[in-house]
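Comments concern the structure below.
The values are calculated or read from the model by the stated rules, or taken from the named source; none is laboratory data. Quantities reported herein were computed from a predicted structural model and do not represent experimental measurements. For neighbour counting, all protein chains shown are included, and Cβ atoms are generated from backbone atoms with ideal geometry for every residue, glycine included.
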Amino acid sequence: MKKSSIIWLIVIVIVVLGGYLWWTSMPSYQSSVAGTQTSSSTNSSGNSTTPRPTSGAALTLNNSGGGTFGAFLSASNGMTLYQSTKDAINVSNCTGACASTWLPYTVSAATAAAGSFTADPGITGKIGTIKRANGSFQVTYRGLPLYFYVGDAKPGNTNGEALNGFTEVAP
């Protein structure tokens, strides 16, 4: 085997291993807050992504202390929820690479059919679901699809605010 072939093989192994280590260090978005049990769903790449509360979709009201963001919605696990300015009522335009960065908040088909949604006091908009092109059911608020941002490492993070047309969801 040529010396250059060995070098390229080593480079490829390092890149693949580095990508794997980076991916496994990303937050799983499956932590449990306030006793809500969650299970996971998968995105188009087959990777575990968003929480699916087993008791149904739940929205909570967070307040960043009256700073820049004020009150915003989060899922029952405490992770901030976002909406896209590119979406329309009952239509998600975030697919492919977009859905790998902006993880759709999905629930099981049974939860979507039952409409078992809960919300904290102060959240007055209608909670529902839409069926995505891949067959999963995405939670909506006031008809607009909800997403998590992969750059939010822990509950209460708002790193996705105003990125690529995504904004936190006001109650």
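Picking from residues in segment 107-130 that are touching a Phe, Trp or Tyr at 6+ places or on another chain (Cβ under 6 Å) and not small (Gly, Ala, Ser), the one that is nearest to PRO171 (Cα to Cα) is ILE127.
Would you check if THR111 is surrounded by 21 or more Cβ atoms within 10 Å (Cβ to Cβ), modelled with pLDDT under 90 and not in a loop (DSSP other than H, G, I, E, B)? Judged against the criteria, THR111 is not a match. Considering (1) in a loop (DSSP other than H, G, I, E, B); (2) at pLDDT 95 or above; (3) buried (at least 19 other Cβ atoms within 10 Å of the Cβ), the lone condition that ASN93 does not fulfil carries the number (3). Residues in segment 74-129 that are polar (S, T, N, Q), within 11 Å of PHE148 (Cα to Cα) and touching an Asp or Glu at 6+ places or on another chain (Cβ under 7 Å): THR80 alone.
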